[in-house]
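The values are calculated or read from the model by the stated rules, or taken from the named source; none is laboratory data. Please read these numbers as outputs of a predicted model, since none were measured by experiment. So basically every Cβ, Gly included, is an ideal-geometry build from the backbone, and we count neighbours across all protein chains shown.
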Amino acid sequence: MDNRISEIRRTIRALRVSMREAEAIMHEQINRDEDCSFVAQEVIKMRSVMSLLAKERIALGDHEPIVVNNFFIPRRRPTRKPVAALSPTVDSVFRPRVVARA
């Protein structure tokens, strides 16, 4: 029984890390206005597997919390958004034009 509990705990730890990475990828895709449905489906699948593993772990009598040491995923620096062009002013639109005379 202890071997099965240890195996479940290792799998849950790995799933947590994979889920965090997938969620980070999904958020980046959302920020870039891309389709993230595939990654979102994979996260849902991982959550369903996690739920079944947690139920099995509880059924085997393991009630200890599972700690993941490294939950931090480095993020990319935010992209710099282009500065909006200045709106034309009345003076710039209606200023007299200089025309060369021949």
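Tabulated values for the structure
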{"quantity": "Residues satisfying the stated conditions in the range 19-63, i.e. in contact (Cβ under 8 Å) with a residue 24 or more places away in the chain and under 13 Å from the mean Cα position of the chain (by Cα)", "calculated": "M19, R20, E21, A22, A24, E28, V43"}
{"quantity": "Members of the range 15-35 that are among the aliphatic types (A, V, I, L, M) and either at pLDDT below 90 or outside any helix (DSSP H, G or I) (or both)", "calculated": "V17"}
